[in-house]
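Visitor: First, the structure itself, so that you have it in front of you.
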Amino acid sequence: MPLIHRKKPQTPPSEEVVAPDEDSQKKPPHESSSSSKTHKKSNGGGKWSCVDSCCWFIGCVCVTWWFLLFLYNAMPASFPQYVTERITGPLPDPPGVKLKKEGLKAQHPVVFIPGIVTGGLELWEGKQCADGLFRKRLWGGTFGEVYKRPLCWVEHMSLDNETGLDPDGIRVRAVSGLVAADYFAPGYFVWAVLIANLAHIGYEEKNMYMAAYDWRLSFQNTEVRDQTLSRMKSNIELMVSTNGGKKAVIVPHSMGVLYFLHFMKWVEEPAPMGGGGGPDWCAKYIKAVMNIGGPFLGVPKAVSGLFSAEAKDVAVARAIAPGFLDTDIFRLQTLQHIMRMTRTWDSTMSMLPKGGDTIWGGLDWSPEKGHTCCGKKQKRNETCGEAGENGVSKIKPANYGRMISFGKEIAEAAPSEINNIDFRGAVKGQSFPNHTCRDVWTEYHDMGIAGIKAIAEYKVYTADAVIDLLHYVAPKMMARGSAHFSYGIADDLDDPKYKDPKYWSNPLETKLPNAPEMEIYSLYGVGIPTERAYVYKLNQSPDSCIPFQIFTSAHEEDEDSCLKAGVYNVDGDETVPVLSAGYMCAKAWRGKTRFNPSGIKTYVREYNHSPPANLLEGRGTQSGAHVDIMGNFALIEDIMRVAAGGNGSEIGHDQVYSGIYEWSDRIDLKL
Amino acid sequence: MPLIHRKKPQTPPSEEVVNADEDSQKKPPHESSSSSKTHKKSNGGGKWSCVDSCCWFIGCVCVTWWFLLFLYNAMPASFPQYVTERITGPLPDPPGVKLKKEGLKAQHPVVFIPGIVTGGLELWEGKQCADGLFRKRLWGGTFGEVYKRPLCWVEHMSLDNETGLDPEGIRVRAVSGLVAADYFAPGYFVWAVLIANLAHIGYEEKNMYMAAYDWRLSFQNTEVRDQTLSRMKSNIELMVSTNGGKKAVIVPHSMGVLYFLHFMKWVEEPAPMGGGGGPNWCAKYIKAVMNIGGPFLGVPKAVSGLFSAEAKDVAVARAIAPGFLDTDIFRLQTLQHIMRMTRTWDSTMSMLPKGGDTIWGGLDWSPEKGHTCCGKKQKRNETCGEAGENGVSKIKPVNYGRMISFGKDIAEAASSEINNIDFRGAVKGQSFPNHTCRDVWTEYHDMGIAGIKAIAEYKVYTADAVIDLLHYVAPKMMARGSAHFSYGIADDLDDPKYKDPKYWSNPLETKLPNAPEMEIFSLYGVGIPTERAYVYKLNQSPDSCIPFQIFTSAHEEDEDSCLKAGVYNVDGDETVPVLSSGYMCAKAWRGKTRFNPSGIKTYVREYNHSPPANLLEGRGTQSGAHVDIMGNFALIEDIMRVAAGGNGSDIGHDQVYSGIYEWSDRIDLKL
């Protein structure tokens, strides 16, 4: 490009005009130079000049590109940092460097447990259409195959919808080793920053272990199919014994938190169902569990994901370009195919809200009641919402307890005005309006118009009702799911029925292990609006197979409202609300409770979100977002101090910015 | 390029000449078109036409390249196979497909143990100069850093020359997982073909394990530093227990064979030095050891590598371009730096010839005596060498026992004519001629002229003397080495001194474990000339720091001679002579011997080398070369049959093409 610019100004002056005049017409100089060429060759056969100038142009671009590439490669590695420091002032040392200077050394082996979606999956056996993809990543990396062969990709990523295991002739397996989840896609780190910092104080693969698992499977099935839990047990034992008996520090992230809850029960359970590690396995091998952004009590996002295959991001896209997602791109009815695929993944059901109305609130209350979403005003140091002093606030407090409402007025109505018609017994009709959907396995076509109507007439769904709703809407999926997960609250934890693995990942239906010296941390970001409840509407579009969608035009005029594009937001890390991430450690496990009989110490560490100051910072070093928090220096420092032998009181006990204590106290749960 | 060719013929005819005439001179048509451009711009500022046509040319190349790239990407994956089949006739099914049709299923877990050099190494902690290489491969992959920062690379790849462990501030570690050695460099497979075929019958990462280790370390140090042996033990135990107690099939390759010999002793030894697995660990966990190209008794190549940092490949390069390797490329005295680096790697000493003169032959005899290198004539169905019927053969039989001879005449002389002057007591002078070599740590400068002369005067070195020679030439290195490896033959295997780990990788100084049901296979290629003995000369070049080099002009006129470019060849797989890979399984371990007290069954499987028929076959499916044999279909099939539950008699007992039985019988060793 610079060559073109330089060329033009040079041509106009002086003799230029004189020389080419034989060609009669006066053309702009650039064109004339090429036209003289054109002329000569036009007899020969076609528009050579066009091709030539194309080639010329591409050549220029290539050369410039190579030149820049060369400069980039020749650039000293510290250059970007130097530029950043010139702009933003000196950067703080990364925690690894800082703590190395303090003299910290690798002590306890560290185990990473990645969450849903972030771990890579690769192909080990496939159909004809996946030729040449053996041991290539289907999930993670560049996702190149999604574009090249979308239907083939969907087929291979789906599981069997009866068993929740491999379909016939397809084996997709988790990538193993640190590479499984260090980067999700090129340049998009997940664990890489933490790993790099730990390496500074002496960690390497012999004392770091990535417990990668196939995150599509239900937790118990990872053991059935891949023996992943056994593998984890064996590796922890190995690392502890080769590190001179120093216990392991476990760092689960996102769904990995639930996976590790499951593991702790599994490992102490006797052999046929469990790992046979004996009742003191955790006490013997685990120093601390440092849960990052753990959806202990589930996430509302999972509901919208399963109910209508859309999360906030999809809903917003639909608001901007209505109809786009419903039409056929790549010969895929995009959303329906995504839904068909994700509904075969049992693990998504592990994150449905747990504890029902007791935890998540009913028609007229919620733990977060009174929370106002006035992020912007707070920064301007004005008061907002309830905090306003003069009289009644303009902002209506959101009824977070109503997890799904059909219509905005219903979401805001007083509980007495709501007239629910029970859908649970409603007969499902056979007359689904759209027959083309039958090949897409979403179960909606079984429901018929009568069923859909019954659902919309129920109007408001609280956390308890949401589970029933999903059972009604997707009976096959939920039948599979309820064999593996449970969403209730235990009255009597000693009931022998709780020996069933399906309860093990629900902290409200299991006891923590007997390990009084162990510590449990809950580390999560706060300060980002997080999905908590939805306003839905019936989907009238004739093309769509999914009869419900988020009512994206449900807005509040006030910009401080918690209602944005059909979604009621609350404080959290963009994915997990504070309540879900913090409640167990802040309240239900604190001290000796029935859920924590041995009195394992718990700590809540919140990290206030502050977005990256400029583009050079990438995803920021103080982020509180669900995945980006993995690059948060403060969080990394906390983990490293514990890994190097510290404990909860040394890193500063609790650190709380949200209203988690207050909200926890509103929950009426026998502890 | 095609565009240029098309353009020229178009310009000459008809009107072209008329129009262009205004420019007075008659130029060749192609030039005139560009000159009209030149003319217009020459006033502006310089040679635009040149830059323009450069750009144009690059553009063309780019476009063509992209077009080809596009075609390549759009090409169906089966196209290359289709083309190959059209040319060479239908290809045989790969063994995985074939055996799947036969109904074979994954049974026994499989453990791969890579050899020296083939495993990847990555950086975990480095000096300033290695900034940005964290967790990038220093060894394996593209080797990009060797070119970008050679000295930095050498520094990081070297170990401490006193301890044989990490230098201060540098941690280079083995890559873990199957990726450690599936491909050595992009497109250059090592284990990938075997893995892919095993995957066909149901193997995946839960029942395949790559026991990657840092192949630069001595075997016992891999445990000291990285606990690699413990890791291997734990993983084998895990895989056996998660596979329903089915014992593991171990597949070591090259130096991995010695590593696994070491492991088998280590694992049964009690805790401080060993793994504490108890005396029946191997019987309990191992079904079969399928050694591929195992240098059980060492390789002569290791001698030349340590003595003068050159193997046949280097020696040939030197013969073609004398002086090239001694001069300074990349600011590196290449060979000296390579030597300095490799001499810090203890593992290279594990492959020095073991068993001394008893195994490798003395001044006037060798087990391979009478072997003739008449590959070409045999193919022409003529007789050659000894096989000739009429009278005495023209070809002198080679004295393979003389592993290093100074001068060709000495190598061929009758043993009575050789007048060795013992070098062992010779005083090392301080007067080394070349002082610039001192910064390169090769130990030669300690030797002085007197020492070098003493070595050359000894004239002939047999296997025993070679070890002494190395002790004399590189005392520091060999001191480190003899703490970890031993090259003798045990008289009494019950002598308590053999509890020392340094004996564990020498099959002549250890007993096999007590595991009568276990099977040991020796799988190796034959039919390729393999280095066995060398003709050396003093290096007179003033620039060189290495005073000895292979006498590459030592040739025999007869093309059937075993002497090629200063190297005497024998049958083997290009790296390991048949004697080394076959002797243990063919003789010393066969039946109940003192080396094999429990009578473990042994099998020798040789694979005759046949080079790939054409380029499309890549590295061939019937290769017998040391690394390429990993893609040999027959070998893969054998391994798969055993992994799927077969045993040595199922796959056809021994399969021998070389003279290994005959040669073994000539070795006078008490069994």
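Visitor: For the range A:162-176, what are the residues that are touching a helix residue (DSSP H, G or I) at 6+ places or on another chain (Cβ under 7 Å) and touching a residue at least 60 places away in the same chain (Cβ under 8 Å)?
Guide: If the condition is that a residue be touching a helix residue (DSSP H, G or I) at 6+ places or on another chain (Cβ under 7 Å) and touching a residue at least 60 places away in the same chain (Cβ under 8 Å), then A:Gly164, A:Leu165 are the ones that fit.
Visitor: Looking only at the range B:493-537, count how many residues are assigned to a strand (DSSP E or B) and over 23 Å from B:Asn280 (Cβ atoms). Full working, then the answer.
Guide: To start, the set of residues in the range B:493-537 that are assigned to a strand (DSSP E or B) comprises B:519-526, B:528-537.
Adding the requirement that they be over 23 Å from B:Asn280 (Cβ atoms) leaves B:522-526, B:528-537.
Adding up the residues that qualify gives 15.
Visitor: Looking only at the range B:164-213, count how many residues are within 23 Å of B:Gln107 (Cα to Cα) and basic (Lys, Arg).
Guide: Going through the range B:164-213 one residue at a time, the tally reaches 1.
Visitor: Please determine, by comparing only the residues of the range B:136-157 that are of a type in the set (D, E, K, R) and modelled with pLDDT of 75 or more, which one is surrounded by the most Cβ atoms within 10 Å (Cβ to Cβ).
Guide: Restricting attention to the range B:136-157, the residues satisfying the condition of being of a type in the set (D, E, K, R) are B:136-137, B:145, B:148-149, B:155.
Add one more test, that the residue is modelled with pLDDT of 75 or more, and what stays is B:136-137, B:149, B:155.
Details: B:Lys136: 13, B:Arg137: 20, B:Arg149: 17, B:Glu155: 17.
Restricting to residues being of a type in the set (D, E, K, R) and modelled with pLDDT of 75 or more, the top hit is B:Arg137.
Visitor: Further, regarding this structure: Residue by residue through the range B:349-382, note down the ones that are of a type outside the set (D, E, K, R), part of a helix (DSSP H, G or I) and either at pLDDT 85 or above or within 18 Å of B:Asp665 (Cα to Cα) (or both). Spell out the reasoning first.
Guide: So in the range B:349-382, the residues of a type outside the set (D, E, K, R) come out as B:349-353, B:355-356, B:358-363, B:365-367, B:370-375, B:378, B:381.
Still in the list and also part of a helix (DSSP H, G or I): B:349-351, B:356, B:358-360, B:375, B:378.
B:Met349, B:Ser350, B:Met351, B:Gly356, B:Thr358, B:Ile359, B:Trp360, listed by residue number.
Visitor: If you don't mind, there's one more thing I want to ask. Is it true that B:Val179 is part of a strand (DSSP E or B) and not aromatic (Phe, Trp, Tyr)?
Guide: Values: part of a strand (DSSP E or B): no; not aromatic (Phe, Trp, Tyr): yes.
No: the conditions fail for B:Val179.
Visitor: Can I ask one more? Please tell me if A:Lys287 is among the basic types (Lys, Arg), more than 20 Å from the chain's Cα centre (by Cα), within 14 Å of another protein chain (Cβ to nearest Cβ) and not in a helix (DSSP H, G or I). Walk me through it before giving the result.
Guide: Details: among the basic types (Lys, Arg): yes; more than 20 Å from the chain's Cα centre (by Cα): yes; within 14 Å of another protein chain (Cβ to nearest Cβ): no; not in a helix (DSSP H, G or I): yes.
No.
Visitor: Still on this structure: Could you look through the range B:177-188, keep only residues that are within 12 Å of another protein chain (Cβ to nearest Cβ) and on the phi < 0 side of the Ramachandran plot, and pick out the one that is surrounded by the most Cβ atoms within 10 Å (Cβ to Cβ)? Give the steps one after another, and end with the answer.
Guide: Step one: filter the range B:177-188 for residues within 12 Å of another protein chain (Cβ to nearest Cβ), giving B:177-180, B:182-183.
Filter once more, keeping what is on the phi < 0 side of the Ramachandran plot: B:178-180, B:182-183.
Working: B:Leu178: 21, B:Val179: 21, B:Ala180: 25, B:Asp182: 21, B:Tyr183: 17.
It comes out as B:Ala180.
Visitor: Might you let me know whether the range B:160-169 holds any residue that is within 26 Å of the chain's Cα centre (by Cα) and within 12 Å of chain A (Cβ to nearest Cβ)?
Guide: Scanning the range B:160-169, I find at least one residue that is within 26 Å of the chain's Cα centre (by Cα) and within 12 Å of chain A (Cβ to nearest Cβ), so the answer is yes.
Visitor: Let me ask something else. Looking at the range A:198-214 only, could you name the residues that are over 17 Å from A:Pro252 (Cα atoms) and in a helix (DSSP H, G or I)?
Guide: A:Ala199, A:His200
Visitor: Just the residues that are assigned to a loop (DSSP other than H, G, I, E, B) and surrounded by 15 or more Cβ atoms within 10 Å (Cβ to Cβ), please, taken from the range B:471-492.
Guide: Initially, the range B:471-492 is screened for residues assigned to a loop (DSSP other than H, G, I, E, B), giving B:474, B:483-492.
Listed by number, the residues that qualify are B:Ala474, B:Ala483, B:His484, B:Phe485, B:Ser486, B:Tyr487, B:Gly488, B:Ile489, B:Ala490.
Visitor: Kindly check whether there is at least one residue in the range B:114-124 that is touching an Asp or Glu at 6+ places or on another chain (Cβ under 7 Å), within 30 Å of B:Ile629 (Cβ to Cβ) and of a type in the set (D, E, K, R). Let's see the steps before the verdict.
Guide: Pass one, the range B:114-124, residues touching an Asp or Glu at 6+ places or on another chain (Cβ under 7 Å): B:121, B:124.
In the following step, the residues that additionally are within 30 Å of B:Ile629 (Cβ to Cβ) were identified as B:121.
This time we only want the ones that are of a type in the set (D, E, K, R), so: none.
No, the range B:114-124 contains no residue that is touching an Asp or Glu at 6+ places or on another chain (Cβ under 7 Å), within 30 Å of B:Ile629 (Cβ to Cβ) and of a type in the set (D, E, K, R).
Visitor: Here is a follow-up. When the range B:632-671 is examined, which residues are found to be in a loop (DSSP other than H, G, I, E, B) and of a type in the set (Val, Ile, Thr)?
Guide: As a first pass, look at the range B:632-671 and keep what is in a loop (DSSP other than H, G, I, E, B): B:632, B:644-654, B:656-659, B:667-671.
Passing the criteria: B:Ile651, B:Val656, B:Ile667.
Visitor: What is the number of the single condition among (1) in a loop (DSSP other than H, G, I, E, B); (2) over 30 Å from A:Met640 (Cβ atoms); (3) within 12 Å of chain B (Cβ to nearest Cβ) that A:Ala106 does not meet?
Guide: Result: A:Ala106 fails condition (2) only.
Visitor: Which one is nearest to B:Asp500 (Cα to Cα), of the residues in the range B:189-204 that are touching a Gly at 6+ places or on another chain (Cβ under 8 Å) and of a type outside the set (A, V, I, L, M)?
Guide: B:Phe189
Visitor: What is the residue count in the range B:208-242 for residues that are under 17 Å from B:Met157 (Cα atoms) and facing chain A (nearest Cβ under 9 Å)?
Guide: Total meeting the criteria: 2.
Visitor: Can you tell me which condition A:Tyr147 does not meet? The list is (1) over 27 Å from A:Val627 (Cβ atoms); (2) touching a residue at least 40 places away in the same chain (Cβ under 8 Å); (3) not in a loop (DSSP other than H, G, I, E, B), and all the others hold.
Guide: (1)
Visitor: Follow-up. Modelled with pLDDT of 80 or more, outside any helix (DSSP H, G or I) and closer than 20 Å to A:Val535 by Cα, is that true of A:Asp422? Reasoning before the result, please.
Guide: Working: modelled with pLDDT of 80 or more: no; outside any helix (DSSP H, G or I): yes; closer than 20 Å to A:Val535 by Cα: yes.
Judged against the criteria, A:Asp422 is not a match.
Visitor: Restricting the search to the range B:167-176, which residues are assigned to a loop (DSSP other than H, G, I, E, B) and crowded, with 18+ Cβ neighbours inside 10 Å?
Guide: Initially, the range B:167-176 is screened for residues assigned to a loop (DSSP other than H, G, I, E, B), giving B:167-170, B:175-176.
Listed by number, the residues that qualify are B:Ile170, B:Val175, B:Ser176.
The values are calculated or read from the model by the stated rules, or taken from the named source; none is laboratory data. Computed from a predicted structure; not experimentally measured. Cβ coordinates were reconstructed from backbone atoms using ideal geometry, including for glycine residues, and neighbour counts include every protein chain displayed.
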